[in-house]
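**Q** Dropping the structure in here first, questions after.
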Amino acid sequence: MFRFSFLLLFIFSLSHAFKIAIFASDITSSQNIWNKRIADTLSSAGHDIVVYVISSYNTKPPSIEFVKGIKAEYVNASVSHDIHELMKEANDITFYDVPFYDNRQKARAKIFTAMAESCEPLITNSTFIDSVKSEKFDLAFTHMYTYCNIGIIHLTGIPSWIWLNSAPMAEHIGQSIGLPMPPSYCSHMMQDAGEEMYFIDRIKSFFAHLLTVPMVKMGSSSIETAYFRKHFGEDFPDLFELGKEAPLVMVNTVELYDFARPTLAKIVNIGGIGIDVNEGKKLTGDFARLVDSSDGFIVMTFGSIAPMYLMPREWKKSIATSFARFPHIQFFIRYEKESDDFTKSLPKNTHVSKWLPQGDLLKHPKCRGMITHAGYNSLQDVFHSGIPTITIPLFGDQPKNARLAEKLGVGVRVTKKEMMSAIGLSKALDKLTNDKSLTESAKKLRRQIELRPVSSSNLLIKWTEFVAEFKTLDNLVPYGVHLNAFVYHSLDVISFLLFSFLFIAFLIYRICLKCYRCVKCFIPEDHDFKHSHLLTSAVPFRMNSLESTSIGSFLQSSLSNALGDRPSKSFYRKRANAPTRPEAKHSKYARLIDSIKTTNGHNLFQCRARDCGKWLREGEEFALHSLTHEKRRSSEKDKVISVIKGKDCDEIINHINTDVQQLSTFLSTRQNIPVSLSTPSSSRISSNLVDLNEITPSDPIGTKTDSIINEPSTSTIDMNDQASQDNQQNIKVSNGSSKRRFNWNLFVRGCVESQCSFTHYQVLPMFKLILFSLLVVTCAVKDYGIPGWTCDEQVMKKSATVPKSVHSLRFADINVIGAIGDSITAGNGAGAADENDTLALQIQYRGLTFSVGGDMDLDEHVTLANILKKFNPNIFGFSVKTGAANVWASAQLNAAVPGARAVNLTDQANDLVQRFRDHPDKVDIVNDWKLIHIFIGGNDICAWCDHPENESAELFGHRIGDAIQILKNNLPRTIVVITGMLDITVLREMDAKNSRCEVMHRTECPCEQNQKFTTEQLRGVCKEYMQQEDDLQFSGRFDDTDDFSIIIQPFFEDYDHAPLLPDGTADVSLFAPDCFHFSEYGHAVVGKNLWNNMLQPVGQKSMVANLTDLSTPLSCPTASCPFIRTTKNSQDCSKYLTPVAI
């Protein structure tokens, strides 16, 4: 039977065999070995393989033994370059640090320019070109080092091709196919840097990425394109542009041992292809004898491209000295010469050979490690053998490869400079032989490679056959390849936003400048802001004529505005040093009164309030005002609080009235202030107080005229007969009272209209107004909503008919929402006023909880229930306000109980089912679609330390499953959404950064502080809990009917760090005062993450929550899949699409 199955498989493979060409550049032995492994693997799958080994140098055909059936042709396309001579010229670059601008770098460049120059003899070789055409290949492979082969593929009419990278993704290929490579953490392949770079490294990375394509074009593709156009016409396509059309790129790496970076669907990782992960062959001869008699051995080789005999003398001495310090270790060195000064200087425990059974040695149990130049093929041998390594990077991609080994925890890096003495290599050997973590990491990596879900061989074969079948894969081409750099990097958008920002900033500046000028009108020079009040008022002021009462009223209003605070110390110093000149002071008062007279009672502040204030400021009235200031300051705090709490401001205005009345009385009793009017008559100032209670600030400008009644004054200014007859008026004191608040719009309107020429206002100092406004804004009630959020009309509609399948469930189809869980779902502490409000921890703010909280709406607070209200305003079941689980008015279908663990969920599930049955007027238990949310696990893990046998991950999973089974048995048409539990080690990290959190957690979660368990142990248990939740989803237990399903939202799964502020301290804003439960803000942030996770397909959901801010966009369902994503519609949503209601 087995033989028959094998025969069928063989026949099937033959029927699907393709003819494939591999254009292999003969650069180094390691490159040839890699190309051989690809050819052997494809040939073993039944394909017809032809390998063209193309040499750009004067070298002998490589001795490559392909498997039977592979046809290999050697093509000499050299232009009199000898690779060995070129390597000798590049010796200084190989073993010494040479800057990139050094002239000696030209020696290394010659190696690559020789490949470009060899393109012309290659394409003019008619025998070779005709041979390729005659083979009629279905597919071709070409190497990353040259574009010439791409031109040959186009010239010979091969219908499709695959680009090969013998190392991790080359930057010029990545940029050609549209691969995003952020230079901030994706260092250049030729850069001595990993993914974590200092600023100077990021500068180098930026320019390296920027210059890669121009350099490749200049040194390779443009030269080779010119050759093709020279011989085949000027209309021959540009080779670099042809490279962008590659249907697929295969890279000699594995995601498990490469720097994590963005990728594309058309990039296939086939690292380690052909490397045998099984035990090596049994050693023979001297190798077996030496290995068997040793305690362990280390292999050293620099590959074929860097001959070790060319090493500097200092390096050779360093190696001999370092190896002698470890006599119990045997060292095997691949060395190109049998005998020279270096071999004679080596200690007895060191053995040299031109050839080593490297694979067999590395897989031997006694192998302690390998010393390598960090060539990528050598590193892959190390990774697949499960041994640590010492890397001595020489050039090219090797420095970056060495940092990769360090990052993976399997390598120790030694620089060229450190090799000049034995200290660096000796330290590295000491660490390699004594640090067990290196060996453990290496073995773990090997195990991961062995258990990789899909092998590299399988990927190579299947994708090769796929491309050969379909020729082009346009659906894998990102649109970014068609964009220019300006649009690709959104520079146009950034420019627009920057311009908009600058324009808005300019407008704000202009408005502030205008308001500043307004301020200058009311704040005198040398004004001391140190003790300014937070009292503000804007009072419409109307004056019909220039009469005695008008002058008095204006004078007192000017004093209360211009003298709103005590003068600065500098003023008193000036006054102390200035000569006493009463007549000068009096003349300024006279000018003030004259200026009032000239306004004719209309634009009272046309005299410029700043000047008016300056004149008034120098009077003795400052002394009196300072006294009144001290009295006001004593009760300032109470006044501010009363305003912020929204109380009536009568109290403050009455206080202002008192100040103004005292000033007015003072002025009216002064006998030494002469007033010069237009007539020589003597005069005496007298005024009555304007009652501010009568004038309501919110009234439109100039409309409050009825409350100002003219009547004869009991005390007036004597003027000429006509003036006295025309102008004897006063303002009646009214006993009316009306409630008012400061009208900011009224004040700004006056500012804009008059630009410091106020006709209708008297305003206390501007600084007070601004500071007061800031306080009111600061003390305003916070909300955490998304005002105006909506989605496309079609995705927000209900289905045309009630869906029968849970996989076709639109959000508007959900009529009922409920929840079970612990104190977080109950909302404990969510409404705490601040971190000291620990009493709030005992209050269940169910209306704020992230899943079923229904307080307010989405404009003010983000919860899943509030979002669903946008789709179905009639949804029922969300909890509101505060209250326990048994208080129906607040809890409704939120059955969560504080302190609950998974073992309690069955009781909650039964309770929830009963609530549905008790309210048939609200819920149609058979026909309504229901969403039940579950969040549990925090209390379970906190109890695990004391009773691990009772709180095991397996029991945790069983208990949740039992609760869900109850829901499934009793609630048809239900979808259960489970938010994965939060890693408890986050709390441990918060404790280390916030002492208050540490104190609170001592009682709430002592397991988290139990030092008997390491952070890794606790994290491992948390991961086991999370895995149990995942297993429930994929078990199929709850997906066997169309009207019920469960979905895990895993956005907490990989969130294993405390949220931090920029200064490194813990950001406690997400949490209630106990640093355990969520705050109102935390619930809003988690609610948004939950919603966005629900819209992501299963298998592609975000595993790391974004808890940094609430500004993350709230996603919308897509028209192509407007459902809650389930395990089934995530695979193919189109089969579940149903019409929407009209």
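**Q** I'm told His1083 meets every condition in (1) assigned to a loop (DSSP other than H, G, I, E, B); (2) in contact with a Gly (Cβ under 9 Å, 6 or more places away or on another chain) except one. Can you identify the failing condition by its number?
**A** In the conditions (1) assigned to a loop (DSSP other than H, G, I, E, B); (2) in contact with a Gly (Cβ under 9 Å, 6 or more places away or on another chain), His1083 misses (1) alone.
**Q** Spot the failing condition for Ile305; the list is (1) under 19 Å from Ala402 (Cα atoms); (2) surrounded by fewer than 19 Cβ atoms within 10 Å (Cβ to Cβ); (3) among the β-branched types (Val, Ile, Thr), and only one is missed.
**A** (2)
**Q** Looking at the range 426-448, is at least one residue part of a helix (DSSP H, G or I), among the polar types (S, T, N, Q) and under 30 Å from the mean Cα position of the chain (by Cα)? Break it down stepwise before answering.
**A** Initial filter on the range 426-448 (part of a helix (DSSP H, G or I)): 426-434, 436-448.
Filter once more, keeping what is among the polar types (S, T, N, Q): 426, 433-434, 437, 439, 441, 448.
Restricting the remaining residues to those that are under 30 Å from the mean Cα position of the chain (by Cα) gives 441, 448.
Yes, the conditions are met somewhere in the range 426-448.
**Q** Of all residues being part of a helix (DSSP H, G or I) and not aliphatic (A, V, I, L, M) in the range 454-468, which is surrounded by the most Cβ atoms within 10 Å (Cβ to Cβ)? Just the residue, please. Working first, answer last.
**A** First, the residues of the range 454-468 that are part of a helix (DSSP H, G or I): 456-468.
So of that shortlist, the ones also not aliphatic (A, V, I, L, M) come out as 456-458, 462-466.
On the way: Ser456: 23, Ser457: 20, Asn458: 14, Lys462: 13, Trp463: 18, Thr464: 25, Glu465: 21, Phe466: 13.
So the residue we want is Thr464.
**Q** From Leu982, Leu1032, Leu971, grab the single residue that is within 23 Å of Ile960 (Cα to Cα) and surrounded by fewer than 22 Cβ atoms within 10 Å (Cβ to Cβ).
**A** Working: Leu982 fails: surrounded by fewer than 22 Cβ atoms within 10 Å (Cβ to Cβ); Leu971 fails: surrounded by fewer than 22 Cβ atoms within 10 Å (Cβ to Cβ).
None of the other options fit; the residue is Leu1032.
**Q** Considering the range 154-197 alone, what residues qualify as being outside any loop (DSSP other than H, G, I, E, B) and not small (Gly, Ala, Ser)?
**A** Scanning the range 154-197 gives His154, Leu155, Thr156, Trp161, Ile162, Trp163, Leu164, Asn165, Glu171, His172, Ile173, Gln175.
**Q** For a quick check of your reading of the model, give me the residue pairs whose first member lies in the range 441-470 and is within 27 Å of Ala17 (Cβ to Cβ), whose second is in a helix (DSSP H, G or I) and not hydrophobic (A, V, I, L, M, F, W, C), with beta-carbon atoms closer than 7 Å and at least 6 apart or on different chains.
**A** Filtered contacts from the range 441-470: Ser457/Thr41; Leu460/Thr41; Ile461/Thr41.
**Q** Determine which single condition Met250 fails, assuming it passes every other condition in (1) over 21 Å from Asp474 (Cα atoms); (2) buried (at least 17 other Cβ atoms within 10 Å of the Cβ); (3) of a type in the set (A, V, I, L, M).
**A** Checking Met250 against (1) over 21 Å from Asp474 (Cα atoms); (2) buried (at least 17 other Cβ atoms within 10 Å of the Cβ); (3) of a type in the set (A, V, I, L, M), the one that fails is (1).
**Q** Also, I was wondering about something else. Among the residues of the range 1050-1077, what is the count of those that are in a strand (DSSP E or B) and surrounded by 24 or more Cβ atoms within 10 Å (Cβ to Cβ)?
**A** Just the residues of the range 1050-1077 that are in a strand (DSSP E or B), to begin with: 1060, 1066, 1071.
Add one more test, that the residue is surrounded by 24 or more Cβ atoms within 10 Å (Cβ to Cβ), and what stays is 1071.
Matching residues across the range 1050-1077 total 1.
**Q** Quick test of your reading of the structure: Val913 fulfils all but one of (1) in contact with a Leu (Cβ under 7 Å, 6 or more places away or on another chain); (2) buried (at least 23 other Cβ atoms within 10 Å of the Cβ). Name the failing condition by number.
**A** Answer for Val913: the failing condition is (2).
**Q** What's the number of the condition Ala819 fails, among (1) touching a strand residue (DSSP E or B) at 6+ places or on another chain (Cβ under 6 Å); (2) at pLDDT below 95; (3) assigned by TED's automatic domain parsing to the domain that holds Ala909?
**A** Single failed check for Ala819: (2).
**Q** Here's something else I'd like to know. Checking the condition charged (D, E, K, R), modelled with pLDDT of 90 or more and out of contact with any strand residue (DSSP E or B) (no Cβ under 9 Å at 6 or more places or on another chain), which residue from Asp924, Asp946, Asp918 passes?
**A** Result: Asp918 is the single residue among Asp924, Asp946, Asp918 that is charged (D, E, K, R), modelled with pLDDT of 90 or more and out of contact with any strand residue (DSSP E or B) (no Cβ under 9 Å at 6 or more places or on another chain).
**Q** Still on this model: Which residue is modelled with the lowest pLDDT, if the candidates are limited to the range 404-425 and must be farther than 21 Å from Val254 by Cα, of a type in the set (Gly, Ala, Ser) and crowded, with 18+ Cβ neighbours inside 10 Å?
**A** Among those that are farther than 21 Å from Val254 by Cα, of a type in the set (Gly, Ala, Ser) and crowded, with 18+ Cβ neighbours inside 10 Å, it is Ala422.
**Q** Here's a follow-up. Can you tell which of Ser385, Ser421 is over 24 Å from Lys316 (Cα atoms) and not aromatic (Phe, Trp, Tyr)? Steps first, answer last, please.
**A** Numbers: Ser421 fails: over 24 Å from Lys316 (Cα atoms).
After applying the criteria, what remains is Ser385.
**Q** Please work out which one of (1) within 21 Å of Ile960 (Cα to Cα); (2) crowded, with 17+ Cβ neighbours inside 10 Å; (3) under 34 Å from the mean Cα position of the chain (by Cα) is the condition Asp855 fails and give its number.
**A** With (1) within 21 Å of Ile960 (Cα to Cα); (2) crowded, with 17+ Cβ neighbours inside 10 Å; (3) under 34 Å from the mean Cα position of the chain (by Cα) applied to Asp855, the lone miss is (1).
**Q** Kindly indicate whether Ala45 is modelled with pLDDT of 75 or more and of a type in the set (A, V, I, L, M).
**A** It is true that Ala45 is modelled with pLDDT of 75 or more and of a type in the set (A, V, I, L, M).
**Q** Right, something else. Could you list, in sequence order, the residues of the range 940-964 that are in contact (Cβ under 8 Å) with a residue 40 or more places away in the chain and either within 26 Å of Thr1041 (Cβ to Cβ) or touching a Gly at 6+ places or on another chain (Cβ under 6 Å) (or both)?
**A** Glu954, Phe956, Gly957, Arg959, Ile960, Gly961, Asp962, Ala963, Ile964, listed by residue number.
**Q** Would you pick out the residues in the range 909-943 that are under 25 Å from Pro1006 (Cβ atoms) and more than 33 Å from the chain's Cα centre (by Cα)?
**A** Correct list: Ala943 only.
**Q** Got a sec? Which of Ala116, Ala140 is under 22 Å from Ser56 (Cβ atoms), in a helix (DSSP H, G or I), among the small types (Gly, Ala, Ser) and touching a residue at least 40 places away in the same chain (Cβ under 8 Å)? Even if it seems obvious, please write down each step before you answer.
**A** Values: Ala140 fails: in a helix (DSSP H, G or I).
Criteria check complete, one pass: Ala116.
**Q** Moving on. If Asp1063 passes every condition in (1) within 26 Å of the chain's Cα centre (by Cα); (2) among the acidic types (Asp, Glu); (3) closer than 30 Å to Gln842 by Cα but one, which one does it miss?
**A** Of everything listed in (1) within 26 Å of the chain's Cα centre (by Cα); (2) among the acidic types (Asp, Glu); (3) closer than 30 Å to Gln842 by Cα, Asp1063 misses just condition (3).
**Q** Which members of the range 1035-1048 meet the condition of being surrounded by 14 or more Cβ atoms within 10 Å (Cβ to Cβ) and either among the aromatic types (Phe, Trp, Tyr) or closer than 13 Å to Ile975 by Cα (or both)?
**A** Within the range 1035-1048, the subset surrounded by 14 or more Cβ atoms within 10 Å (Cβ to Cβ) is 1037-1039, 1042-1048.
The answer is Phe1038, Asp1039, Asp1042, Asp1043, Phe1044, Ser1045, Ile1046, Ile1047, Ile1048.
The values are calculated or read from the model by the stated rules, or taken from the named source; none is laboratory data. Values in this document were obtained by computation on a predicted structure and should not be read as measured data. All Cβ positions, glycine included, derive from the backbone under ideal geometry; neighbour counts span all protein chains shown.
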